[in-house]
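Working notes, structure below.
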Amino acid sequence: MKLSVEQFRDWPHKSVTLLGMSGVGKTRLSNILRRSDWFHYSGDYRIGTRYLDEPILDNIKQQAMQIPFLRDLLRSDSIHIQNNIGVDHLKPVSSFLGKLGDPDAGGLPLDEFKRRQRLHLDAEINAMRDVPAFIEKARSLYGYSNFINDAGGSLCELDNDEVMETLDRHTLVLYIKATPNDENTLIERAISDPKPLYYREAFLDEQLTLYLAEKGLDFVAMVEPDDFVRWVFPRLFRSRLPRYQALAERYGYTVSSSSVAAIRDERDFLAMIEDVLTDPQR
């Protein structure tokens, strides 16, 4: 939503959605605000605990069933497997997404990889649709005055106007734009420690075709999973920047990752928002 400084100051129960690539400071900022009467709604946590909980557990059990000792215990109900997902510990979600490529190197076949990608897409859409209900729940059930929506790094990939219009109606949308230095840091980090990612299917198909041609590979099963992630991440990063900027221009405001990094408490955060509401083009 678009607000004046006065409207924002007078808003009794402030609700803000943070957009941006993973690593720009959304969760750090949310954790700071959580200490000052803000309910921290993590989109990725909601995805993992509500919408992908069963597929994640099925994947873990499938791996465990390949070990005879664990298979016997599972079949006799002697052990119980559950997710241990936390706001700061989302590895079960990324492990479920997996990486594309050679099964002997831990990769997934293309059909299975795309199936998991589609499940994640649906889960992220549903998690963002839940935001209005959690704004009310945060206040009426948990007693928080304000609400921060820590959205996933792939939100700009949803291509779902309904989701963004819902967030726009109920929250002030704030895009955290990485500075050039932070862009380089995020890309270097992803290359040194490649992690599973969500891709729009059209983007994946396009980039996979280019990768196979560049590497001289005939089949996806020949792809080295980590190498593909290292190769594709800078391209994914660059493709997301204009998407996030378009969302910010249509629905909200843009602040820099350096401004967010300087925030130490709620007062700093509110001052930053008032600055951008006063001069959105600064």
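When each of TYR244, TYR253 is tested for being farther than 26 Å from SER192 by Cβ and either in contact with a His (Cβ under 7 Å, 6 or more places away or on another chain) or not small (Gly, Ala, Ser) (or both), the lone residue that passes is TYR253.
Any residue at all in region 58-79 that's modelled with pLDDT of 90 or more and acidic (Asp, Glu)?
Among the residues of region 58-79, not one is modelled with pLDDT of 90 or more and acidic (Asp, Glu), which makes the answer no.
Just to check your reading of the model, which residue among LEU29, LEU57, LEU18 is closer than 24 Å to THR185 by Cβ and part of a helix (DSSP H, G or I)? Going through LEU29, LEU57, LEU18 in turn, the sole match is LEU29.
Considering only region 152-187, state which residues are at pLDDT 95 or above, within 23 Å of ARG35 (Cα to Cα) and either within 17 Å of the chain's Cα centre (by Cα) or among the hydroxyl-bearing types (Ser, Thr, Tyr) (or both). Scanning region 152-187 gives THR171, VAL173, LEU174, TYR175, ILE176.
Sort out which residues of region 26-38 are crowded, with 23+ Cβ neighbours inside 10 Å and either farther than 14 Å from ILE176 by Cβ or not hydrophobic (A, V, I, L, M, F, W, C) (or both), and write them in order of number. Once the filter is applied, which keeps residues that are crowded, with 23+ Cβ neighbours inside 10 Å and either farther than 14 Å from ILE176 by Cβ or not hydrophobic (A, V, I, L, M, F, W, C) (or both), region 26-38 yields LYS26, TRP38.
When you scan region 82-99, do you find a residue that is assigned to a helix (DSSP H, G or I), modelled with pLDDT of 95 or more and touching a strand residue (DSSP E or B) at 6+ places or on another chain (Cβ under 9 Å), even just one? For region 82-99, residues assigned to a helix (DSSP H, G or I), modelled with pLDDT of 95 or more and touching a strand residue (DSSP E or B) at 6+ places or on another chain (Cβ under 9 Å): absent. Of the set (1) without any contact (Cβ under 8 Å) to a residue 12 or more places away in the chain; (2) surrounded by 16 or more Cβ atoms within 10 Å (Cβ to Cβ), all apply to PHE69 but (2). Look at region 262-282: where a residue is within 15 Å of TYR175 (Cα to Cα), no partner that is loosely packed, with under 13 Cβ neighbours inside 10 Å and of a type outside the set (Val, Ile, Thr) sits 6+ places away or on another chain with Cβ atoms under 6 Å. Residues that are in contact (Cβ under 8 Å) with a residue 12 or more places away in the chain, more than 23 Å from the chain's Cα centre (by Cα) and under 30 Å from ASP111 (Cα atoms): does region 198-211 have at least one? Within region 198-211 (the criterion being in contact (Cβ under 8 Å) with a residue 12 or more places away in the chain, more than 23 Å from the chain's Cα centre (by Cα) and under 30 Å from ASP111 (Cα atoms)), the answer is yes, since at least one residue qualifies. For region 196-220, enumerate the residues that are farther than 14 Å from LYS114 by Cα, outside any helix (DSSP H, G or I) and among the aliphatic types (A, V, I, L, M). If the condition is that a residue be farther than 14 Å from LYS114 by Cα, outside any helix (DSSP H, G or I) and among the aliphatic types (A, V, I, L, M), then LEU217 is the only one that fits. Between PHE219, PHE269, PHE233, the distinction of being within 30 Å of SER192 (Cα to Cα), of a type in the set (A, V, I, L, M, F, W, C) and surrounded by 17 or more Cβ atoms within 10 Å (Cβ to Cβ) belongs to PHE233 only.
The values are calculated or read from the model by the stated rules, or taken from the named source; none is laboratory data. Owing to the predicted nature of the structure, the values given are computational and were not obtained by experimental measurement. Positions of Cβ are generated from backbone atoms using ideal geometry, with glycine treated the same way; all protein chains shown enter the neighbour counts.
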